[in-house]
Amino acid sequence: PVLETTDPHRVADGAYAVVEVDDPDVMLIGTGSEVAVCVEAAARLGADGVRARVVSMPCWEAFEARTPEQQRAVIDPTVPRVSLEAGVTIGWHRWADTCLGIDRFGASAPGSVVLDELGINPDAVVDAARDLLDPTG
């Protein structure tokens with residue numbers, strides 16, 4: 001879906017918040033269609049009292065060109081972070097503590113089925129966020 005908080009003018013920044021909360025407990029970072037999954041996960045977490053900022057990160061290179069202060073204003077390294085990528089997770093560890101993605105080949109089915117089966121869904125993001133916030137379970 002096209003999100004109302006999508007801001008085509010902010011794409012040039014490389015990353016920007018699409019769901020903002022005060023004093024976030026966790027950050028959920030995605031790009032493209034993964035952002036909508038992160039928004040759904042943030043809503044589920046919010047229902048349980050967990051404040052989740054959602055960041056759209058359409059371009060690593062543009063974000064890396066920002067000053068460190070500008071980067072920290074979007075992705076605070078002191079807040080636990082989960083990234084979601086419907087592809088390989090290579091490179092995401094620079095921006096996230098837990099990286100969800102598809103690091104293998106060979107799945108064949110309708111796209112929505114494959115993504116769900118491989119963990120590109122709100123449940124997986126919620127579980128990853130909760131694991132970061134309470135690793136003892």
Treat each spin label as a single point 7 Å out from the Cα along the C-beta direction, and report the Asp127 to Cys59 distance in nm.
3.5 nm
Taking the dipole about the Cα centre of the chain, with the C-beta of Lys and Arg at +1 and of Asp and Glu at -1, give me whichever of Thr5, Leu45, Gln71 is farthest to the positive side.
Gln71
Once phi is turned into θ = phi - 60°, what whole-Hz ³J(HN,Hα) does the Karplus curve with 6.51, -1.76 and 1.60 give for every residue of region 115-124, x standing for Gly and Pro?
4, 5, 5, 9, x, 9, 8, x, 4, 5
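Considering only protein heavy atoms, what per residue accessible area in square angstrom results for region 38-119 with a 1.4 angstrom probe? Write out the running numbers ahead of the final one.
Details: 4450 Å² over 82 residues.
Value returned for region 38-119: 54 Å² of accessible area per residue.
Please give the FRET efficiency for Arg66 paired with Glu20, using the beta carbon to beta carbon distance and R0 = 22 Å, rounded to the nearest 0.05.
Working: r = 18 Å, r/R0 = 0.80.
So, using R0 = 22 Å, E works out to roughly 0.80.
For region 44-137, what does the relative contact order come out to in percent, with C-alpha contacts under 8 Å and a separation of six or more?
Values: 78 pairs, mean separation 20.6, N = 94.
Worked out over region 44-137, it gives 22 percent.
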For Asp97, what accessible area in Å² do you get when you roll a 1.4 Å probe over the heavy atoms of the protein chains, rounding to the nearest 10?
80 Å²
Residue by residue, what Karplus-based ³J(HN,Hα) values in Hz, rounded to whole numbers, does region 18-32 have, using 6.51, -1.76 and 1.60 with θ = phi - 60° and x for Gly and Pro?
9, 10, 10, 9, 6, 6, x, 7, 8, 10, 10, 10, x, 9, x
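Quote the charge dipole size of the chain about the Cα centre in Debye, to the nearest 20; the model charges only the Cβ of Lys and Arg (+1) and of Asp and Glu (-1).
220 debye
Quick one: with all protein chains in place, what share of the accessible area of the chain is carbon or sulfur, to the nearest percent (1.4 Å probe)? Write down the numbers at each step before the final one.
Working: 3970 of 7440 Å².
Carbon and sulfur: 53 percent of the exposed surface of the chain.
The values are calculated or read from the model by the stated rules, or taken from the named source; none is laboratory data. All values derive from a computational prediction rather than experimental measurement. Positions of Cβ are generated from backbone atoms using ideal geometry, with glycine treated the same way; all protein chains shown enter the neighbour counts. Surface accessibility is based on the protein's heavy atoms, side chains included, excluding ligands, DNA and RNA. Shrake-Rupley method; radii C 1.70, N 1.55, O 1.52, S 1.80 Å.
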